[in-house]
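The values are calculated or read from the model by the stated rules, or taken from the named source; none is laboratory data. Note that this is a predicted model, so its numbers are computed, not measured. Note that we place each Cβ from the backbone using ideal geometry, even for glycine, and neighbour counts take in every protein chain shown.
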Amino acid sequence: MALKKEDYPISVQFDFNTGVFEPQEKSVERKVSDMVKMFHDKTAVESMIKAGDPLVYEIFYYGFKTSASDMALGTTRIQPGKVGDEYYMTKGHFHEAFDQPEIYFCVKGEGYLLMETREGEFQAEKWTPGTISHIPPMWAHRVVNTGKEPLVFVATYHLAAGHTYTEVEEKGFLKCLVEKDGKATFVLNDKRK
């Protein structure tokens, strides 16, 4: 079998401090206005949008495609901060393909990986640099930055996994992470009460 151009190995150079790698195919910014449905304090959301619509997180992405397979590499950098009392986080998603897992690797910062099944089973993993988490196919997942510096993590998954945000937008995760008395605290999501 003759190799095609896309069948040759490719490397990228990763910056552990910034979370950026080169080359990359694209990058995406998510501001507070992109996450209106995700945060529970709608008054704080509107106030922050009017005050400049700050950046919540960025994704840097490369899709490796060969004639026989595919694999995505992504890095995410979540800024420190809160909307009201709720910490900055990623939107969170299920995979469209129900048989596709994902691997996350926390390289900088601290926070939590939140996961939940459609049946309502919830799990949270504490993250510090060096934590590697396997996310099974049936779990929605979101990362929350509870620290004072950017939280950077690497993700890898098959391109065929796809992403669906609708369920998370409609009902959120069972629990939210808010700051109470200076500490990250889990509280029941208002949409689930």
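Restricting attention to region 24-32, does a residue exist that is over 18 Å from the mean Cα position of the chain (by Cα) and within 18 Å of residue 144 (Cβ to Cβ)? The answer is no; no qualifying residue exists.
For region 152-169, a residue qualifies if it is outside any strand (DSSP E or B) and touching a residue at least 60 places away in the same chain (Cβ under 8 Å), and the qualifying residues are 158, 159, 160, 161, 162, 163, 165, 167, 168, 169. Filtering region 90-121 to residues that are buried (at least 16 other Cβ atoms within 10 Å of the Cβ), over 20 Å from residue 70 (Cα atoms), in contact (Cβ under 8 Å) with a residue 40 or more places away in the chain and out of contact with any Ser or Thr (no Cβ under 7 Å at 6 or more places or on another chain) leaves 91, 92, 107, 108, 109, 114, 116.
Can you tell me which residue is modelled with the lowest pLDDT among those in region 53-71 that are buried (at least 16 other Cβ atoms within 10 Å of the Cβ) and over 26 Å from residue 174 (Cβ atoms)?
Out of the qualifying residues, it is 64.
Please tell me if residue 75 is over 20 Å from residue 192 (Cα atoms), of a type in the set (Val, Ile, Thr), in contact (Cβ under 8 Å) with a residue 60 or more places away in the chain and touching a helix residue (DSSP H, G or I) at 6+ places or on another chain (Cβ under 8 Å). For residue 75, the condition - over 20 Å from residue 192 (Cα atoms), of a type in the set (Val, Ile, Thr), in contact (Cβ under 8 Å) with a residue 60 or more places away in the chain and touching a helix residue (DSSP H, G or I) at 6+ places or on another chain (Cβ under 8 Å) - is not met.
State whether one or more residues within region 72-86 are among the hydroxyl-bearing types (Ser, Thr, Tyr), part of a strand (DSSP E or B), surrounded by fewer than 19 Cβ atoms within 10 Å (Cβ to Cβ) and modelled with pLDDT of 95 or more.
Step one: of region 72-86, the residues among the hydroxyl-bearing types (Ser, Thr, Tyr) are 75-76.
Still in the running and part of a strand (DSSP E or B): 75-76.
Subsequent filtering for residues that are surrounded by fewer than 19 Cβ atoms within 10 Å (Cβ to Cβ) retains none.
Within region 72-86, none of the residues are among the hydroxyl-bearing types (Ser, Thr, Tyr), part of a strand (DSSP E or B), surrounded by fewer than 19 Cβ atoms within 10 Å (Cβ to Cβ) and modelled with pLDDT of 95 or more.
Scanning region 138-157 for residues that are basic (Lys, Arg) and either crowded, with 23+ Cβ neighbours inside 10 Å or touching a helix residue (DSSP H, G or I) at 6+ places or on another chain (Cβ under 8 Å) (or both) yields a total of 1. Each residue in region 87-102 was checked for being over 25 Å from residue 187 (Cα atoms), in a loop (DSSP other than H, G, I, E, B) and touching a Phe, Trp or Tyr at 6+ places or on another chain (Cβ under 6 Å), and 0 pass.
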